[in-house]
Amino acid sequence: MFRKLLKEQFGIEAEDTIRIGKYDACRKQGHLYLLVPAGHTDEEELDELDRMAEHLSNSGDRNISTFLKTKEGKQSIDWNDSRFCILVNRHTMSRKQNQFGRKLAKFHYRGRSISFPVKKTSRIGQWKQLWEQRLDQMEKVWNEMLFQKPENDFERMFLESFPYYMGLAENSIQYLVDTELDDEPGMADSGTVCHIRLTSSTWGDNYYMKNPFDWVFDHSSRDLAEWTREKYFRNIKTYQPELRRFLSEYQSVGGLSSFSWRLYYARLLFPLHYFETVESYYGADSEQQKLVLQERLQKYLWQSDDHERFLGGFFEFAEVPIKKLRIPLVNWIKS
């Protein structure tokens, strides 16, 4: 299907079709073409992602997937009653796991020199509003359930645990607000290209594939915090060496300001793992999905003491000079 589209609409005769992550892809003479559904992305957003990709590619990042334009110069194409974009990766390199922190720092450095206004994909200054919205929605659900008998183990765990996680979320929002009031952002705190959620597989498993559909425009600490969160929860006993190496590699390109460290910590404090599990449970279609999410919530609750120690000892672990940078601690969190 995809090969036919490439031939008919772009005159490209692909050699074979493969699957990369969740996308159909074709190869031709070392170039990789990805078919990406774009039905939920409006033209303004596509235009911003296209310009970001061009900027990063022109700034020297060889692993950016850029938009293949139609003959009319458009970023998307209507085909088989759906809208798609074709992304092309001209320098497919095997994905090596080394120096990821350094590569991410360079990616952020290039993204900071974007000179056009980014509006649609920007999340700069929006964390507080987005977190409050999420917290209010969940508190509403919790309040409605308070006077009913829980129907199952998940509901019982949610009812018992929510006040603790609400406290943690409120602390993260307060920490964020204090940071924005008390601290001054430096040059390296300007907005850059970040990821909706950076994990170890975001840049591809076998090839480097930096996909514009994974991006938002935000403060670089977003990526640092989300990568850290994933590493910690993937293995709470053995995350330390890899996280230490990541932070050291990232800072070899440029150190973090007090403002960056504080945003990084505010984001780590926000219990996204808990919110996502509860939200996913109430949006799940199948009993099987619900069972997986119930087990996940149970695991998080068992790990809550360890998680608190992780948050309490984070600045010391990351070797942040908190006195010199005047970084406040959250006193009730155990170190």
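The values are calculated or read from the model by the stated rules, or taken from the named source; none is laboratory data. Nothing here was measured: the structure is a model prediction, and the numbers come from that model. Don't worry about glycine lacking a Cβ; one is built from the backbone with ideal geometry, like all the others, and counts go over all protein chains shown. Areas reflect the complete protein model, heavy atoms only, side chains present, ligands, DNA and RNA absent. Shrake-Rupley method; radii C 1.70, N 1.55, O 1.52, S 1.80 Å.
From the residues in the range 1-39 that are open to solvent by less than 50 Å² (accessible area, probe 1.4 Å) and assigned to a helix (DSSP H, G or I), which one is nearest to ASP205 (Cα to Cα)?
Here the answer is PHE2.
Rundown of residues vs (1) touching an Asp or Glu at 6+ places or on another chain (Cβ under 7 Å); (2) free of Cβ contacts under 8 Å to residues at least 60 places away in the same chain; (3) on the phi > 0 side of the Ramachandran plot; (4) assigned to a loop (DSSP other than H, G, I, E, B), yes/no style:
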position	(1), (2), (3), (4)
GLU151	no, yes, no, yes
GLU160	no, yes, no, no
ASP205	no, no, no, yes
GLU226	no, yes, no, no
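Does ARG112 satisfy the condition of being modelled with pLDDT under 95, closer than 27 Å to PHE246 by Cα, open to solvent by 20 Å² or more (accessible area, probe 1.4 Å) and out of contact with any Leu (no Cβ under 8 Å at 6 or more places or on another chain)?
The answer is no for ARG112.
Kindly list, by first and then second residue, each pair from a residue in the range 9-22 that is in contact (Cβ under 8 Å) with a residue 40 or more places away in the chain to a residue that is assigned to a strand (DSSP E or B), limited to pairs with Cβ atoms under 8 Å and residues at least 6 apart or on different chains.
Hits for this filter: GLN9/ILE77; GLN9/TRP79; PHE10/ILE86; ILE20/LEU32; ILE20/LEU34; ILE20/TYR207.
THR228 - would you say it is β-branched (Val, Ile, Thr) and either in contact with a Cys (Cβ under 8 Å, 6 or more places away or on another chain) or surrounded by 15 or more Cβ atoms within 10 Å (Cβ to Cβ) (or both)?
Judged against the criteria, THR228 is a match.
Could you tell me whether ASP50 is assigned to a loop (DSSP other than H, G, I, E, B), closer than 30 Å to SER252 by Cα and either polar (S, T, N, Q) or at pLDDT 90 or above (or both)?
No, not satisfied.
The conditions are (1) of a type outside the set (Phe, Trp, Tyr); (2) touching a Phe, Trp or Tyr at 6+ places or on another chain (Cβ under 9 Å); (3) under 30 Å from PRO241 (Cα atoms), and LEU32 fails exactly one of them. Which is it?
Tallying (1) of a type outside the set (Phe, Trp, Tyr); (2) touching a Phe, Trp or Tyr at 6+ places or on another chain (Cβ under 9 Å); (3) under 30 Å from PRO241 (Cα atoms), LEU32 fails exactly one: (3).
State yes or no: is ASN98 more than 29 Å from SER190 (Cβ to Cβ), out of contact with any His (no Cβ under 8 Å at 6 or more places or on another chain) and not in a strand (DSSP E or B)?
no
When the residues of the range 318-335 are filtered to those that are open to solvent by less than 20 Å² (accessible area, probe 1.4 Å) and at pLDDT 95 or above, which remaining residue is nearest to LEU256 (Cα to Cα)?
VAL320
State which residue is surrounded by the most Cβ atoms within 10 Å (Cβ to Cβ) when the search covers only the range 169-190 and only residues that are in contact with a helix residue (DSSP H, G or I) (Cβ under 6 Å, 6 or more places away or on another chain) and not in a helix (DSSP H, G or I).
Filtering the range 169-190 for residues that are in contact with a helix residue (DSSP H, G or I) (Cβ under 6 Å, 6 or more places away or on another chain) and not in a helix (DSSP H, G or I), the one surrounded by the most Cβ atoms within 10 Å (Cβ to Cβ) comes out as ASP183.
Open to solvent by less than 30 Å² (accessible area, probe 1.4 Å) and not basic (Lys, Arg): does that describe VAL193?
Taking the combined requirement at face value, the residue satisfies it.
Does PHE259 qualify as being in a helix (DSSP H, G or I) and touching a Pro at 6+ places or on another chain (Cβ under 6 Å)?
Yes; evaluated as a whole, the condition is true for this residue.
Hey, can you tell me all the residues within the range 256-293 that are open to solvent by 60 Å² or more (accessible area, probe 1.4 Å) and either in contact with a strand residue (DSSP E or B) (Cβ under 6 Å, 6 or more places away or on another chain) or not β-branched (Val, Ile, Thr) (or both)? Don't jump to the end; show me each part of the working.
Here is the first cut: in the range 256-293, the residues open to solvent by 60 Å² or more (accessible area, probe 1.4 Å) are 276, 279, 282, 285, 287-289, 291-292.
Hits for the range 256-293 are GLU276, GLU279, TYR282, ASP285, GLU287, GLN288, GLN289, LEU291.
Can you name the residue in the range 1-39 that is touching a helix residue (DSSP H, G or I) at 6+ places or on another chain (Cβ under 7 Å) and of a type in the set (Asp, Glu) and, of all such residues, is farthest from TYR208 (Cα to Cα)?
GLU13
Given ARG309, ARG296, which one is touching a helix residue (DSSP H, G or I) at 6+ places or on another chain (Cβ under 9 Å), part of a helix (DSSP H, G or I), open to solvent by 100 Å² or more (accessible area, probe 1.4 Å) and among the basic types (Lys, Arg)?
ARG296
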